[in-house]
Structures are given as structure tokens and as C-alpha cells.
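Data block below; observations after.
What follows is calculated from the coordinates using simple rules that are stated; it is not laboratory data. Computed from a predicted model, the values in this text were never measured in an experiment. Quick reminder, even Gly has a Cβ in these numbers, built from the backbone with ideal geometry, and neighbours come from all protein chains shown.
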Amino acid sequence: MAKGRATRGKTREQRLELGTVGGAHRRPPPKTVSPMLASLPRGTIRHAGWVFEPKLDGIRCIAVIRDGTVSLLSRRALNLTSQYPSIASELSRLVKCDAVLDGEIIAVDAQGRPSFQQLQQRMNLTKQADIARADKLVPVQYYVFDVAYFDGFDLTNVRLLERKKVLEQAIIPSETVRLLSFFDVDPALAYEVCVDNGFEGIVAKRVDSMYECGKRSPSWLKVKAQQTAEFIIGGYTLGQGSRNSTFGSLLLGYNDTAGRMVYCGSVGTGFDQRLLKETLNKIEPLKTKACPFVSRPEDKKDVIWVKPEVIVEVKYMDLTKDGHLRTPVFMRFREDKEPAEVLHPDSQKALISGTTYAAAPETVSRVAESSSRDATPIPTRNTSGLDRPQDRLEGDGASVYEKVIGQLSGNEKKLELFVENEQIPLSHLDKEFWPETEEFPALTKRDYLRHLCKIAPYLLPHWYGRPLTVIRYPDGIKGKSFFQKNWNAALPDFVETQIIESGEARSEYLLCNNLATLMFLAQHSVLEFHVCSSRLAEYPDPPAGTIDDVEGMLDLPDFLIVDLDYHPQSGKKVPDVIDMDAFKRVCDVASILRESLAAAGLQSYLKTSGRNGLHIFVPVKRDREVDFLTTRTLAQTTAQLITGHHPDKATIEFDISRRAGKVYVDCSSNGTGKTMAAVYTPRAFPGAPVSAPLSWNELSNIRPSDLTLSVMPQRLAQRGDLWKDILVNKHDLHALLTRRNT
């Protein structure tokens, strides 16, 4: 896999002078880099202007070398150094200057092919003795394919091929640290060669692409060798938790040459609640006491056997050594097939059109013989089983938002949504999320997706890089709901996450950094979005080519926050509808608070809570001297001042019974990891009110019920984003407090 034409034996003195490389600039070494991510292809990948790398089946790893110390970091910035000491040791020997390398850790099977199954034996080991033993039994290699920083120079604004030259002249490969090959050939041929040699597929990269830290870029395209095939359902496991009324997974099999049904694994992903019930209705009448498989699956307990009559289509990555499906996902039922036709998955490849991305053999031969550089498409396919509404796609000049809205203009109940280079299966588009009331019309999932997409250009910049807690309503606002921050199910590649540790607790938060993620979450019935008041990357979005130091970012607040809410007289329940009397009381206290903050030299921004409350935000500069204790203390001091002068209107009493008839001035949102309703999030109340920005002069005549999801697109078109400059007008709290203390 090492590039044969690379220059190997050069010393550091002989290598390319980085100061002469276009786009390189001097800067101190970073502590980490968020890796650049690849998108999925749409249409044809051309040869001209692209090179192609094997797609490795391993662990993405950023290697940071600083002051002679090597740190191996996962895509989510988890430290892997102690798990792979041989790689760290070898990098320390090979690289004698500060550097940030991007690559993949892999293990190989007996045939020398990358094997994730082999690598799994190395993952999550913590004891030194176990790691040392694994180093001998399951050796690993680190394949380097990019460099973001080297010897005092930031290289993220350098063209890809120039970065490749730096790598070739900077690192002499060894058994443990290697350089990944790249091919300047026709894409179909590159794909065929890579897949035939056991790789996941290829990654196509523009030769002039910069290194876009943390971005999923169309300059890198990944084409996986994912496959689909038909299987027979032979049983199902009992469901637990939210699935206790349906099933956990389906047990699948195929017919061998003797006509016996062979078990090949189970599938439990790809179902929503309606599909779970539909599937159970199909297979429950087929229950039987006899196991239909030639050998009973040993790893399955609490199994209900069914007669082998129902056929499903499943997409999967590959087969394990014991013949089981790897990462299977349910696609659809195949009622056009008979069970006797379902054979081993490998034998189905010739029968199912487009089950893999590979070009036909004659195409590869023709490409190999041809010297032409004309475009040769890499076949792609819609693996969802849903129709793609191409007739509703806008022209090439339309924005990504217009294209998505166009796809949602029909009336089908399910479709495959294309968002730039990503595909998102949508279902139950006719489901009512917000039922009709006397004042508001009903809003279906389709309405929700369309309106959300219309305001997405305004909300996404505010949500970027902020850990997210969501509230899901699978049956709409009248049904049950639940908070979710850890997502146990498999996530698409375009959904970014961040591991956050607090004491012994360790959580994986979602980040809503792109439109595809927003649409994915809406499909999964997320109706409310709550974000942290600190973000993992600086605002505005880091320009391509910058390296972000995200260490400790969540301890640095972007805002000082005060939450105002009216508490009715003791014993009265807070109403579900907007209470204008309560809201006017909140507005009165908000005006007083604004004046107090202004007297301290602080400009404040205002938004509705989406109900009867108001949220007041003061943007602050990030400073290691200003933490959440600072913002909370200042907010509490201001709150005490207000309640001291207006005890009849406002309170800071923690005891709920002592807040009756007053506006509660809440400063508790100023804390690491604390979340609150995001700006522009809908709320799960009648009419779909939105937590919307306000100007201060609107307080006298605005009704929160006027600011709904349905009207927000028009309001934004007319008035724009009232918070567009909130993180430009940051206050230097450290300087302010220092002046006041001197």
C-alpha cells in the first residue's frame, strides 16, 4: 500500500523547503486537529483533477507530535496512545519535529487484507499486559495519508498533491508506519482494484483540495463496497425497552446447495415503530416450535421461531469469517421472491442489478486498455428501496435548501431525501406532529421538514459545534416524549458527535453541524433542540485551512444567560397555551434587566422561550480567565440587584412555592454542559411556537403565539436574523471585571 514512486531516503535537510510551498504559513503547533471527512458521491466522478486511495477498514487516527511526545487521537478526540504503543513509539522515532498527521490504524488477516474483525481484538484494551500481548498476536499498522502541520508550518491551505510530497519526503516508511498509496488512474479501475484486494472501496480526492478541518467536504468522496441481498426470516428475538411490544431483531438465513436454511445473522436496525408493528404482523402468524435453520444459532436466546416464508432485502458491509452479516440494515420486504430462490449472498450478486458499486469485468478491461481520460462513472445506487423524486429537484443553480424543499413538495408517505451528497430515508410523512387547534392548523412531518429547512440557513450557524440534547416525540406532541443525548443506534457518517467526560460520567453528544443532520433528526421525531452555551469551535465557522484547538472549549462560555419565567399563583398549573398576562409580566422584568446590564456596559440579546418566558443572552469573549463561575456570579449579582429593587415583580427564590405570582430570574444555565432551548428551535406546544429572536422594541406589541414555525420563514425573509451579529459583538468580561476591581 505504500506509494512506489515516493522519494524515500531523503533527510530532513534535503526535503522540500516548506516556506516555499504555496499556502503554507508559520504558526505554533496545535494540540489537535479535527479530521477532514469525506462525502458520498452524487453522479459521475471524473478522472481529471482527482486521485484515488483505498478506503481502509480501521480506526481514523490523528497523530500529534509535539516536543517529542506523540498523541494518537480518534476522530472524536479520544486518546488512543496507550492502546497502540507500537505506533506511538515508531512515530517518535521517525518524526523528529512537531507534526500533525492524518491516517488510519488497521490490522490485517491471514491473507494480508485489512480486517476490522482482527482490529476489534485490539480495541478497548486498557491493561498493559493485554496490550503487550495483543501487539504480538494482532500487530497493527498506521497508514498515513495526509499532513496538516509539519515542522512549524500549517499546511491546511496547501494543495493535496503538495501535502503528499511533504509526506513522501518527511517520513521513511517502516513496518508499523506506512504511507497510503494513491492512484492517478480511471476511477472505475481504481475501485475495482481496491475492492478485489479486500478494501472497503475508494476515497476520491481532488488534487487541489485543501485540508478542511472538521468538515465533510465534497472535495473528498467515499465510495463503499456496500452490498444488498435477500434473506429469509427464520425467527425473531423478544424486544426490550421501547420494543417490548414488538421484537428485538430478525434472524436471517439462506438456502445452501442442499436446500437447507443456513443462519447468517440478525438485523435489528432500519425499523421505525410502524415498520416494527407491520413486520410483527407478517411473521407472528407463522410462529412454530421447530427451528427452521439447519443448525440452531448458539448466540441467540429467547427466540420465537417462524416458518421460513417471509423474504426481506438487507444491506450490509460484508460477511464475517463465520459467514454472518456485518452491519446489516433492513431495507424492505421482497414479496416478488420465493424462499427457494434465496441463496448464499455471494451467489446473488450476479442476479441483483446494482448490488455493489463494482463495474462489470468488461468495463474494467476496456478502461484498463484505454488511455482516454474521459469521465467514467462509478456506479451508485439508491439502497433504500424508495423512489427518488428527481422530477422535483431544482436546477443546478438552486441552493441546497431549495433542492430539499423541492423534494418535499409531493404527497408520498415516504421517500429518499437527497441533501447534497447524503441520502436520508424519510417515512410517515403524513404523521401529524402538531394536531389542529381552533387557532392553528395541523402540521405533519412533511410540513415540519419543509419549514425547518426554510429556516435552516439562519439556525445552523448558531447551533454549529454545540453539544445537543434533543426531545423526541414519536407520536407527535400529544404522545409520549423522551430526552436523548446519547444515541445508541448507528448514526450516518454525516452526523458528527463529541465525547464529553464529566467526572466518571462519559457521554457522546450529537452536533447539528449540517442540514443533513437536521433532516435526519427531524425524521426521528426530534421536535425540540437544546444546545450548550459553549461550542467546540470558534464562531464563525472556522475557514478552510485552520486548525482548531478544541481542548477545554466546553469550559469557556460564549454567553452570560438569564432565563425569565412567570410562576402563577400557588397551586395553579402552568398553562399549555400562551398566557399574555404572564408574558407581559416577564417583559416588564426583562426591560429592567436590560437596563441593569446596559449600566454595566453590557449589550444584551433577547429571544422568546417559545412559551411564556424570555431568554436574555450577553455574548462574551472566550478567555481562560472567564469561566462559567464568572458568568453565573455576574448574572446572579445582577438578578439580586433587580429583585432587591423590585421584590413585588421578580424573585430568585429556589423554592418553587415562594415564587408564586412573580417572575423567576434563573441563572442556572450558566454552567459547563448545561443546555437550554436553542435559538429557532420549535417547541412541543400547540401551533409549534419557536424560540425566536426579538428586538427590544418589539416587547410592547409581540405575542409569542405569533412566532410559530409556519410564520418564521416569512419573518426571517423580511427581517433577517436578529442575532446574526451576536458572536461578533462579544464583551470582554475579564477586562470589564479587572477595571471594576482596580
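For the pair Tyr401 and Asn244, a Förster radius of 45 Å applied to the C-beta separation gives a FRET efficiency near 0.70, rounded to the nearest 0.05.
Along each principal axis, taking the top coordinate minus the bottom one, the Cα set of region 603-742 gives 50, 39, 29 Å in descending order. If r is the Cβ-Cβ distance from Asp109 to Phe483 and R0 is 51 Å, what FRET efficiency results, to the nearest 0.05? Computed FRET efficiency for Asp109 and Phe483: 0.75. Cross-link pairs exceeding 32 Å between alpha carbons, from the set Lys478/Lys607; Lys454/Lys662; Lys215/Lys485; Lys222/Lys282; Lys31/Lys724; Lys289/Lys321: Lys454/Lys662; Lys222/Lys282. Within region 82-221, antiparallel bridges make up roughly 80 percent of the DSSP beta bridges whose residues both belong there. Working note: Cα gyration tensor of region 164-322, eigenvalues times five, square-rooted, sorted largest first, giving semi-axes of 44, 19, 15 Å.
Set against the 2.2 N^0.38 Å expectation for a compact globular protein, region 57-207 has a Cα radius of gyration ratio of 1.06. By the rule of a C-alpha distance below 19 Å, with chain neighbours fewer than 8 residues away ignored, the lysines paired with Lys224 are Lys55, Lys205, Lys315, Lys349. Report the local net charge at Ser700: Lys and Arg +1, Asp and Glu -1, summed over other residues whose C-beta lies under 14 Å from its C-beta. Here the charged neighbours net out to +1. Hull volume per residue, based on the alpha-carbon atoms of region 188-230 and their convex hull, is 111 Å³. Across region 430-494, Cα-Cα pairs farther apart than 19 Å form 51% of the total.
Sequence-ordered 3J(HN,Hα) estimates for region 625-631 from the Karplus curve with 6.51, -1.76 and 1.60 and θ = phi - 60° stand at 8, 10, 10, 5, 4, 5, 5 Hz, glycine and proline given as x.
The amide H of Phe433, built 1.01 Å from its N in the peptide plane, has Leu443, Thr444, Lys445 as neighbours under 5 Å, considering only residues 5 or more places off or on other chains. Projecting the Cα atoms of Ala639, Ala599, Thr681 onto the charge dipole of region 570-694 (Cβ charges, centred on the Cα centre) puts Thr681 farthest toward the positive pole. In terms of the mean number of neighbouring beta-carbon atoms within 10 Å, the peptides 453-466, 633-646 order highest first as 453-466, 633-646.
Under the simplified labelling scheme, the Thr327-Glu438 pair shows an inter-label distance of 5.3 nm, with each label point 7 Å from Cα along Cα→Cβ. Toward the positive end of the charge dipole of region 150-257, about the Cα centre and with charges on Cβ (Lys, Arg +1; Asp, Glu -1), which of Tyr191, Val203, Cys213 goes farthest? Farthest towards the positive end: Cys213.
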